[in-house]
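The values are calculated or read from the model by the stated rules, or taken from the named source; none is laboratory data. Remember, predicted model here, so these are calculated numbers, not experimental data. Cβ placement follows ideal geometry from the backbone for every residue including glycine, while neighbour counts extend to all protein chains displayed. Heads up: the accessible areas ignore ligands, DNA and RNA and are worked out on the full protein's heavy atoms, side chains in. Shrake-Rupley method; radii C 1.70, N 1.55, O 1.52, S 1.80 Å.
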Amino acid sequence: MATPEILRDSLHRIAYSTDASAYREVPYGVAYPEDEDDIRTLIAIGRDLGLDLIPRAGGTSIAGQVVGKGIVVDISRHMNRILEINSGERWARVQPGVVRDELNLACRQYGLFFSPETSTSNRCCIGGMFGNNSCGSHSLIYGSTRHHVIEAKGILADGSSGHFKEYTVEELEHRFGNRFWEKSDSDSLI
Ligand SMILES: Cc1cc2nc3c(=O)[nH]c(=O)nc-3n(C[C@H](O)[C@H](O)[C@H](O)COP(=O)(O)OP(=O)(O)OC[C@H]3O[C@@H](n4cnc5c(N)ncnc54)[C@H](O)[C@@H]3O)c2cc1C
């Protein structure tokens, strides 16, 4: 397994020192992970160096979300595939770097679309919409991104995998055993 390169030349560091906001901070370096293993390796490198990772998708945030001194991890270059569209059940499985409009182009043939209509839809990616909980001018009708996420897989700060979704009681019991039903000091379920 090759170690993902962290580009530290001034061209990359300056190009990634800002997003669509007014903020500017030159990062330690920039990486373009190709898969989950690369991200785990970058997390380990960041831990060793005492640096934060800054996940970056389209970089269109306006509050400096993807600006910082750590390692900018641009997932839009390689992790940008639509993995599956299930038109019958009306869901799609995507990597985080898929641009919102490109997903909708692919969904069009089924008469479906991913509805949060963020103004930057031809640039912003699903990962960035997820991070910002983006929405659009018809949010009263369509809601925001969180209303359309069924489940998500992520990699946590310790490098372990997280699978976030709605769990049934049976699944929770399987995962946590009886602890799920134990009462806390405040007498509420934990
Ligand atoms: C002109 C203009 C108009 C805009 N209009 C709207 C609008 O109508 N509605 C709206 O909601 N926003 C709007 N925005 C803000 C922005 O475009 C959206 O929030 C957009 O969805 C951000 O997506 P992005 O791909 O650019 O994300 P980025 O800016 O790259 O990232 C957004 C956040 O997600 C995190 N992130 C990205 N990828 C991952 C990942 N794989 N794992 C974990 N975290 C990740 C980043 O760290 C960051 O915190 C606008 C911005 C501009 C400049």
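Principal axis extents for the range 82-152, Cα atoms only, whole Å, descending order, please.
26, 24, 22
If amide hydrogens are placed 1.01 Å from N in the peptide plane, which non-local residues have theirs closer than 5 Å to the one on Arg56?
Correct list: Val73, Asp74, Ile75.
Can you give me the Kirkwood hydrodynamic radius for the range 6-74, using every pair of distinct Cα atoms, in Å to one decimal?
Numbers: mean 1/r = 0.0842 Å⁻¹.
Computed over the range 6-74, the radius equals 11.9 Å.
Which order do you get for Glu173, Glu166 if you rank them by accessible area with a 1.4 Å probe, largest at the top? Before the final figure, lay out the partial values.
Working: Glu173 75, Glu166 165 Å².
Descending order: Glu166, Glu173.
First obtain the Kirkwood hydrodynamic radius of the chain from its Cα pairs, then insert it into the Stokes-Einstein equation at 25 °C and 0.890 mPa s, and state the resulting D in µm² per second as a whole number.
Details: Rh = 18.5 Å.
The calculation lands on 133 µm²/s.
Which one, Leu11, Leu172, Leu103, has the greatest fluctuation when you compute a Gaussian network model over the chain with C-alpha springs under 10 angstrom?
Maximum fluctuation in the GNM of the chain, among the listed residues, is at Leu172.
Sorted by accessible area with a 1.4 angstrom probe, largest first, how do Lys69, Lys165 fall?
Values: Lys69 140, Lys165 65 Å².
Reading off the accessible areas and sorting them downward yields Lys69, Lys165.
Apply 1/(1 + (r/R0)^6) to the Cβ-Cβ distance of Ala15 and Glu171, taking R0 = 41 Å, and write down the FRET efficiency to the nearest 0.05.
On the way: r = 44 Å, r/R0 = 1.07.
The computed FRET efficiency comes out at 0.40.
How high is the relative contact order of the chain, in percent, with contacts defined as C-alpha pairs under 8 Å that are six or more residues apart?
After rounding, I find 15 percent.
On the protein heavy atoms, probe 1.4 angstrom, tell me the percent of accessible surface of the chain carried by carbon and sulfur. Mind showing how you got there, number by number?
Numbers: 6130 of 12160 Å².
Whole-percent figure for carbon plus sulfur exposure: 50.
Using protein chains only and a probe of 1.4 angstrom, how many square angstrom of Glu102 are accessible, to the nearest 10?
Its accessible surface works out to 110 Å², give or take rounding.
Per residue, how much accessible area does the range 1-113 have with a 1.4 Å probe, in Å²? Display every interim value, and only then the final one.
On the way: 6590 Å² over 113 residues.
Accessible area per residue, the range 1-113: 58 Å².
Given +1 on the Cβ of Lys and Arg, -1 on the Cβ of Asp and Glu, and no further charges, what dipole in debye does the chain carry about its Cα centre, rounded to the nearest 20? Intermediate values should be presented prior to the final figure.
Details: 20 positive and 26 negative charges, 115 e Å.
The dipole of the chain has a size of about 560 debye.
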